[in-house]
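**Student:** My structure is below; once you've seen it, I'll send some questions.
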């Protein structure tokens with residue numbers, strides 16, 4: 001009986017340690033909508049996306065075939081992804097009272113519909129989306145981009 005308690009305590013401590021590392025990182029946004037198969041990969045942590053799944057700096061968002069995903073960031077930036085999309089959040093800083101604003105991401109493939117939040121409205125040059133063929137600087141409030149990995 002004591003061995004069961006010890007094993008339970010060990011499993012609890014391992015679980016707290018594994019989630020404790022994630023708890024120290026600030027949440028920068030959340031998954032709002034999912035249709036089909038989508039995942040959020042952060043470091044070695046891969047989770048099936050569902051409404052409420054937190055996003056962190058470095059999170060890679062992936063959608064499967066016939067799938068879509070919608071996310072919202074702390075500054076009210078909204079991104080929607082179509083099928084077979086991969087995007088990584090490379091940089092995110094939202095401290096408007098200190099003038100510290102940045103949002104940078106990399107779209108490897110797929111489709112992205114971007115709707116500006118506070119960062120782009122206060123400091124448009126602080127937002128960028130890198131694609132295999134260039135960088136998109138956000139100067140408006142909305143854009144749509146498609147990256148075809150098979151295009152020349």
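**Student:** At what distance in nm do the modelled label points of residue 131 and residue 35 sit from each other, each positioned 7 Å from its Cα along Cα→Cβ?
**Tutor:** About 2.2 nm, to one decimal.
**Student:** Can you give the FRET efficiency to the nearest 0.05 for residue 118 and residue 46, using r as the Cβ-Cβ distance and R₀ = 22 Å?
**Tutor:** My answer for the efficiency is 0.15.
**Student:** Please report 86, 25, 95 as a ranked list, fewest other C-beta atoms within 10 angstrom at the top and most at the bottom.
**Tutor:** Placing the least packed residue first, the sequence is 95, 25, 86.
**Student:** Sort 46, 102 so that the residue with the fewest other Cβ atoms within 10 Å of its own Cβ comes first and the one with the most comes last.
**Tutor:** Placing the least packed residue first, the sequence is 46, 102.
**Student:** Using a simple spin-label model with points 7 Å from Cα along the Cα→Cβ vector, what separation in nm is obtained for residue 104 and residue 91?
**Tutor:** Here the modelled spin labels are 0.3 nm apart.
**Student:** Still on this structure, please answer the following. What is the fewest-to-most order of 125, 84 by other Cβ atoms lying within 10 Å of their Cβ?
**Tutor:** Fewest-to-most ranking of 125, 84: 125, 84.
Read-outs throughout are calculated quantities, based only on the coordinates presented, and are distinct from any laboratory measurement. The structure displayed is predicted, hence computed values, not measured ones. Quick reminder, even Gly has a Cβ in these numbers, built from the backbone with ideal geometry, and neighbours come from all protein chains shown.
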